[in-house]
Structure formats: C-alpha cells, structure tokens
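The values are calculated or read from the model by the stated rules, or taken from the named source; none is laboratory data. Keep in mind that what you see is a predicted model, and the values were worked out from it rather than measured. Don't worry about glycine lacking a Cβ; one is built from the backbone with ideal geometry, like all the others, and counts go over all protein chains shown.
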C-alpha cells in the first residue's frame, strides 16, 4: 500500500483492464494513481489537480497528437515528469515527443519493476536542478537559472525538458572536463544506468539543436571520441578538431 507521502501519478491508458493493472501495480510501488482514458481527460485532470508524474500510453495515439499533448502538459506544469509508454520501432515519434517536453519513455512490453524504476528516475531528475549548488551559470550568451529552471540563449527563453535541463546543468558545472558516458548516465538517470549509449546520444542531439548555432558543428557541447562529452566555454582553447557532432 502507498504511504502518506506517495507520489501522485496520472495514468492515461485507453484500455480499461490495462489502466486497472497499471494503477494497482504502481500503487504497490508507492504511487497514488489516478487514471484517465484520453488526452482530453488527462488535461482536465491536470487543470483540476497537482501531480508529480504523468504516465502516457501513446501506442494508439498518432504522433502529432502525442507531440501536442506533451506540449500542452508542459505548458500547464513545467516541473511535472512525463513518461511515455510506446510501441517498438517508433524512434521518430519518440524524438519529436522528447523535443515537445516528454522526459523519458519505456518500450512495451516491460516489467512492472522496470516501469516503477523508470518513474522514480524521471521524478528524481525533475527535481535534480535544486541540488546542483550554484543558483545560476552564465556561459557566453547562455544563462542557466537553477532556481527558476530556465535556460536563456541570447536573452530568449529556450524550453528544456527536466532531463535536458539537468543534463545541461551537469555538463556546464563540469565544463572543460571530459565526462564519460557512464558518468553522465549515472548522474542524470541513476546509478543503475551506464551502458545505454543511444539513450544519452538522443538527448545530446536534442540539446545541440537548442544551444548550438550550428548543431552539426557544435562549439559548446563537444564529443570526446570513445569517451563521452565535454562542455567547452567560449574562451576555451580546446582543440577545434573536437567539435565534431558525431554522437
């Protein structure tokens, strides 16, 4: 049974039996769940109540509707976690959903223990910025405000999902240092991660689109071949050959 301090979870699932199973299983994992069957009901619930995390089964939802829903949820609640349940082989739709504000995804079929773990990772990352140390970082024309969880480039606010924000903050805090894939995965997603390179590469590509003038020729977020990534400040004398956008 959930405890008094259970996380509040909203589950969107169009199949009633699956909703019941998910809600019961996540309840046993410490989540107090409310269920809805479609995007309209999900947005109504988010208007009426506060949730820590929204779990969206988008297997039967067209890609454009998934993107629109993620954007609408993010507009309503900047800090809420958004975790997608997806069918296999929908990489393009996943990337678009991540760009629209989703934090993470899990591919069907999955084990409940894996889903609970992924939910906790998203919740952990959505709160991570508060524990980084300084209140803000300024690098070149970029400013990362940790208290407001805002990122600005050339004075304009650029939307970052909670995971994108935490990843960029960690890189900037350790700017000039080559961080391994495993270091980044464990710092941002949790200690059980370390081998999910494609996972990390997808977020690096998303960040480059948002922070770099030419994502294919990055000046800040550099690849360290066979190692990981490094954030380079604008006054650094790093080897320009490291600016390749290869992930």
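The table for this structure:
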| item | result |
| --- | --- |
| Residue match in the stretch 50-61 (condition: loosely packed, with under 15 Cβ neighbours inside 10 Å and within 23 Å of residue 101 (Cα to Cα)) | yes |
| Residue ID - farthest from the chain's Cα centre (by Cα), chosen from residues in the stretch 93-116 that are modelled with pLDDT under 85 and under 21 Å from residue 30 (Cα atoms) | 104 |
| Which numbered condition residue 155 fails, given (1) buried (at least 17 other Cβ atoms within 10 Å of the Cβ); (2) more than 23 Å from residue 70 (Cβ to Cβ) | (1) |
| Residue in the stretch 56-78 that is assigned to a strand (DSSP E or B), in contact with a helix residue (DSSP H, G or I) (Cβ under 9 Å, 6 or more places away or on another chain) and either in the same structural domain as residue 116 (by TED's automatic domain parsing) or modelled with pLDDT under 85 (or both) present | yes |
| Hits in the stretch 177-226 (condition: more than 25 Å from residue 118 (Cα to Cα) and touching a strand residue (DSSP E or B) at 6+ places or on another chain (Cβ under 7 Å)) | 177, 178, 211, 212, 220, 221, 222, 223, 224 |
| Test result for residue 124, assigned to a loop (DSSP other than H, G, I, E, B) and surrounded by fewer than 21 Cβ atoms within 10 Å (Cβ to Cβ) | no |
| Residue tally, condition closer than 20 Å to residue 160 by Cα, free of Cβ contacts under 8 Å to residues at least 40 places away in the same chain and in a loop (DSSP other than H, G, I, E, B), over the stretch 212-226 | 7 |
| Filtered residue count, the stretch 5-33, keeping only those that are surrounded by 13 or more Cβ atoms within 10 Å (Cβ to Cβ) and in a loop (DSSP other than H, G, I, E, B) | 6 |
| Single residue of the stretch 176-192 satisfying the filter (in a loop (DSSP other than H, G, I, E, B) and within 14 Å of the chain's Cα centre (by Cα)) that is farthest from residue 164 (Cα to Cα) | 190 |
| Residues of the stretch 140-168 satisfying the condition of being closer than 18 Å to residue 222 by Cβ and either over 19 Å from the mean Cα position of the chain (by Cα) or modelled with pLDDT of 90 or more (or both) | 140, 141, 142, 153, 167, 168 |
| Filter result for residue 182 (surrounded by 15 or more Cβ atoms within 10 Å (Cβ to Cβ) and within 25 Å of residue 78 (Cα to Cα)) | no |
